[in-house]
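Just so you know, all these numbers are worked out from the coordinates, no wet-lab data involved. It should be emphasised that the depicted structure is a prediction, and the values quoted were computed from it without experimental measurement. Reconstructed Cβ throughout: ideal geometry from the backbone, glycine too, with neighbour counts over all protein chains shown.
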Amino acid sequence: MAFKGKIFKLTLNAKYVLDVLKVFENEVTTLGYTSSSKSLAFQSDESSFYIVLPYRVTG
């Protein structure tokens, strides 16, 4: 696993993340984000691109 950028906390619905990962056929998945309050982009190859929205958590 490789990580580039600032460390952040993100709360996602695990079911949505697992649904995305189930359809990917490649072993390599790229995650893209701009901030902890924005959507998280999952990309497995050039034709597979999925967006998962985070929960807002207080505290």
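At-a-glance table
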read-out: Estimated [θ] at 222 nm from DSSP helical runs (n ≥ 4, -39500 (n - 2.57)) normalised by residues in the chain, nearest 500; value: -5000 deg cm²/dmol
read-out: Within the chain, trypsin sites (Lys or Arg not before Pro) in DSSP loop having at most 13 other beta-carbon neighbours inside 10 Å; value: LYS4, LYS6, LYS9, LYS38, ARG56
read-out: Two-site FRET efficiency, ASN26 against VAL57, from Cβ-Cβ distance with R₀ of 30 Å, rounded to 0.05; value: 0.45
read-out: Cα long-axis angle, helix 14-23 against the chain (0 to 90 degrees, to the nearest 10); value: 20
read-out: Alpha-carbon Rg with Dmax, taken over the chain, Å; value: 11.9, 38
